[in-house]
Structures are given as C-alpha cells and as structure tokens.
1. For region 105-172 and region 1-39, what is the centre-to-centre distance using only Cα atoms, to the nearest Å?
2. With a 1.4 Å probe and all protein chains kept in place, how do Glu150, Glu19 rank by accessible area, largest first?
3. Order the following by accessible area, largest value first: Tyr53, Tyr162. Probe radius 1.4 Å; ligands, DNA and RNA are ignored.
4. Region 1-104: D in µm²/s via Stokes-Einstein (Kirkwood Rh, Cα pairs, 37 °C, 0.692 mPa s)?
5. Could you work out the local net charge near Asn10, counting Lys and Arg as +1, Asp and Glu as -1, over the other residues with Cβ closer than 15 Å to its Cβ?
6. Pairs Lys105/Lys145; Lys11/Lys49; Lys49/Lys145: which exceed 29 Å Cα-Cα?
7. How would Lys157, Lys97, Lys105 rank on accessible area, largest to smallest, probe 1.4 Å?
8. To the nearest 10 square angstrom, how much accessible area does Phe80 have with a 1.4 angstrom probe?
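The values are calculated or read from the model by the stated rules, or taken from the named source; none is laboratory data. Because the structure is a prediction, the values reported are computed rather than measured. FYI the Cβ positions are ideal-geometry reconstructions off the backbone, even for glycines, and counts take in every protein chain you see. When the accessible area is computed, the model is the full protein with side chains, heavy atoms only, and any ligands, DNA or RNA have been set aside. Shrake-Rupley method; radii C 1.70, N 1.55, O 1.52, S 1.80 Å.
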Amino acid sequence: NIRVLNIGNNKIVYSSDLEEVFSGLVILEELHMGSNLLTQIPNNIGVAKNLLYLNVFDNQISSLPNSLIKILPFSQPGSFPENSLGPMLVLSYNQFKEFPAVLFKLRGLTELHFAGNWLSVVPDEIGNMIELQFISLACNHKPIKYFAWEAIGSIPKLQRLYLRGSVLPFRQTIYKDKDNNNSNNGKDVKEGKEGGGGNNNKKDSSSNKGVNVDVAGIINVLRNRIELELGEDYDDDQILNAKPKVYKCLNNININSIYNNNNNNNRQITFEYGT
C-alpha cells in the first residue's frame with residue numbers, strides 16, 4: 001500500500017534485490033532515489049503504472065529502461081488525476097551522454113529535469129514531448145553542438161526553459177531533404193561534424209539544402225512567451241555573434257521534495273540553480 005517512497009541519499013547500488021523490491025510497488029505514485037550510487041533504474045519500474053514523480057537526481061545512470069512507457073501518466077497525455085500535479089521526471093546530474101530513445105515516447109511528461117549531464121546534442125525529437133511545461137538542460141558538462149531550437153520553440157504548453165550554465169550553439173544550419181523536412185537531428189554532430197546531416201553520406205545539393213537557423217529570433221519569441229533562463233552572462237550581442245560564456249554552476253546542489261497528501265494533492269519541489 002505504499003504510494004510515496006523516499007530512499008534517497010542512502011548509497012544504494014543497483015542489484016537484483018532492488019528489482020524484487022519494486023515488483024510489489026504497484027500503486028506507487030512518487031519515488032525519490034536521488035543521491036545514491038545507482039547505475040540504472042530498475043527494469044521493472046513499469047509495474048508502478050500510476051507513478052507521477054520519479055527522481056533519480058545525482059546518481060551514475062546513463063540509460064533508461066523501456067518499461068517507463070508502461071507508466072501511464074508518463075506515456076499517455078492527460079493520464080493523471082485532475083487534482084494532481086503533472087508527471088515529472090528528474091534525471092539531473094547523472095552520466096547521460098545522449099537522450100535515451102525511450103524518453104521521446106514519454107509524451108505525458110509535464111516536467112523534465114535533465115541538467116548536469118554530458119550531452120552533445122539536443123535532438124529535434126524533443127518536440128514530440130507535447131505536454132512539457134518545464135525543461136531544464138542547465139549546467140551541461142560539455143558544449144552542446146546541436147540544439148533543437150525550433151523543435152523546443154514549437155512545444156505548445158512550454159512555460160519554462162532553463163539553460164543557465166550550458167554552452168549553447170547560437171549559429172546553426174539545418175539541412176532539408178527533398179520533402180522539406182529536417183534531415184539532421186544533430187546526428188552527425190556526434191561524429192564531430194558540426195551542423196551535419198542525418199547520415200554520413202555526402203550531401204547532394206539537389207536534394208538537401210542548408211538553411212541557417214534564426215536562433216536569435218527564436219530566442220526572442222521564446223522570451224516573449226515563456227520564462228527563458230539563459231544565465232545572466234548572455235546578452236543579445238553574444239547570442240547574435242555566437243559568443244557564449246559559461247556560468248559557474250554550484251558545486252553543492254540540493255533537491256528537496258515536500259509531498260502533501262491533502263485534497264489539493266500539492267507537491268512542492270524546491271531546486272537550487274542548475275537542476
């Protein structure tokens with residue numbers, strides 16, 4: 001009958017015993033596993049099909065189990081009680097080098113905390129996460145070479161985008177295929193081909209056309225529509241001239257969650273910078 005479980009800050013490592021524990025948590029709604037030594041999330045996490053909040057902040061995780069799509073509030077938009085806060089996934093300060101493919105299938109998420117990882121690419125598929133209201137990609141540990149500005153700008157319900165402390169690409173080229181669709185999701189960037197296309201073949205100028213992205217324009221539109229946190233070191237001149245500065249992220253970052261199981265079902269999450 002456990003609905004809220006907090007096992008954070010306990011130096012827990014992944015083991016088969018952990019899988020066995022989770023097999024019985026079928027009505028779990030909120031799970032805190034932050035600040036442990038986990039290298040993966042239990043593969044059977046999907047048994048908690050009504051989970052609304054999953055926090056694995058500050059671990060050593062680099063991949064996600066496919067069973068996350070079995071969690072209805074995560075995968076199906078609107079599949080959570082009207083009197084509750086939206087589904088939230090906290091993956092900040094782990095070892096992710098790329099966006100796991102399963103993440104883009106979690107179209108019910110309203111908050112994604114993905115700060116303090118090791119990303120080179122923020123791909124266009126993030127635009128498929130149509131329910132997102134909050135995204136944090138702050139304090140990434142390496143420069144981001146491809147950032148899906150257009151895709152993120154198209155997310156209809158987005159209210160807050162936190163990028164403080166991440167080195168971002170303010171000059172970017174999109175290559176269009178013959179059907180005028182984006183043919184590069186930053187895939188070639190992983191190979192060190194900045195602004196490249198969707199495969200390693202030489203581009204045919206008759207079918208692919210390079211289009212410069214108006215990043216400054218997109219940022220201005222976003223600023224008028226949402227709360228956009230680039231960091232105090234960025235100004236319009238640096239964005240236009242692609243001169244990013246690095247904001248010093250905090251060394252000691254804490255996450256606290258207060259869950260009040262009352263009529264309003266209020267969940268108050270307090271983050272310091274960079275989460």
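1. Each part reduced to its Cα centre gives a spacing of 27 Å.
2. Values: Glu150 90, Glu19 30 Å².
Descending order: Glu150, Glu19.
3. Numbers: Tyr53 0, Tyr162 60 Å².
In descending accessible area the options line up as Tyr162, Tyr53.
4. Details: Rh = 13.8 Å.
For these conditions, the coefficient is 238 µm²/s.
5. Numbers: positive: Lys11; negative: Asp17, Asp58.
So the surrounding residues net to -1.
6. Values: Lys105/Lys145 24 Å; Lys11/Lys49 26 Å; Lys49/Lys145 36 Å.
Table pairs above 29 Å Cα-Cα are Lys49/Lys145.
7. Working: Lys157 95, Lys97 155, Lys105 125 Å².
Most to least solvent-accessible, the answer reads Lys97, Lys105, Lys157.
8. Phe80 has an accessible surface of roughly 60 Å² with all protein chains in place.
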